[in-house]
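A quick write-up on the structure given underneath.
The values are calculated or read from the model by the stated rules, or taken from the named source; none is laboratory data. This one's a predicted model, so the numbers in the text were calculated from it and none came from an experiment. Reconstructed Cβ throughout: ideal geometry from the backbone, glycine too, with neighbour counts over all protein chains shown.
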Amino acid sequence: MSMGGVVLLNAVGVHGDFSALVVDSSPSRISHLGCPGEFDPVNQLPADCSRLQLIIGERDRVVWPAEMEELMIAIRHRGGRVLERLDYAHPFQDAPAVHRRRLEEVATFLLR
C-alpha cells in the first residue's frame, strides 16, 4: 500500500497549513496495521477541507473504495471535494488515457 496520502495528511495535519492538497487513494485508517490511532488520516483532517480533494477510484484494488469511505464522508462534511471515478484504479495503475485525465484533474484542482 502506498502511504502518500497518509504521509501528506499527517504532514499538514489538523493545522491545515497548505494552499491546496490532493489526496489520492488513501485509506481512512491505518491503526489496524499497528500504527497509533493519532496517525489515521481521518484524524488528521483540518476543520476546513475546502482546499482539499480526495480521489477515489472504483477500480482500485490496492486501497479499496470502502477503505476510503470514512475519510470521504469527513472531507465532504468539512467542505472538501471528493472525486470518484468508475474507471480509475490505484494511481499509476490506470490505462494511459485514464492516467492523463487523472493528472489533468489534479492540476485543475491545484491551480484553481
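Here Phe18 meets the list (1) in a helix (DSSP H, G or I); (2) closer than 19 Å to Val106 by Cα; (3) of a type in the set (A, V, I, L, M, F, W, C); (4) more than 11 Å from the chain's Cα centre (by Cα) almost entirely, failing just condition (1).
In the range 102-111 there is no residue matching the filter, namely being modelled with pLDDT under 95, surrounded by 15 or more Cβ atoms within 10 Å (Cβ to Cβ) and under 21 Å from Ala11 (Cβ atoms). Evaluated against (1) assigned to a loop (DSSP other than H, G, I, E, B); (2) surrounded by fewer than 15 Cβ atoms within 10 Å (Cβ to Cβ), Asp60 falls short on exactly one condition, (2).
With respect to Leu54, determine if the residue is within 17 Å of Leu103 (Cα to Cα) and in contact (Cβ under 8 Å) with a residue 24 or more places away in the chain. Criteria met by Leu54. Any residue at all in the range 65-87 that's in contact with a Cys (Cβ under 7 Å, 6 or more places away or on another chain), basic (Lys, Arg) and at pLDDT 95 or above? Looking through the range 65-87, at least one residue is in contact with a Cys (Cβ under 7 Å, 6 or more places away or on another chain), basic (Lys, Arg) and at pLDDT 95 or above. Look at the range 74-92: where a residue is closer than 14 Å to Arg51 by Cβ and a partner is polar (S, T, N, Q) and assigned to a loop (DSSP other than H, G, I, E, B), sitting 6+ places away or on another chain with Cβ atoms under 9 Å, you get Arg78/Ser50; Gly79/Ser50; Gly80/Ser50; Arg81/Ser50. Any residue at all in the range 90-98 that is outside any helix (DSSP H, G or I) and touching a Ser or Thr at 6+ places or on another chain (Cβ under 7 Å)? Yes, the conditions are met somewhere in the range 90-98. Restricting to the range 73-85, and then to whatever is among the hydrophobic types (A, V, I, L, M, F, W, C) and closer than 14 Å to Asp24 by Cα, can you tell me which residue is surrounded by the most Cβ atoms within 10 Å (Cβ to Cβ)? Across the range 73-85, the extreme among qualifying residues is Ile75.
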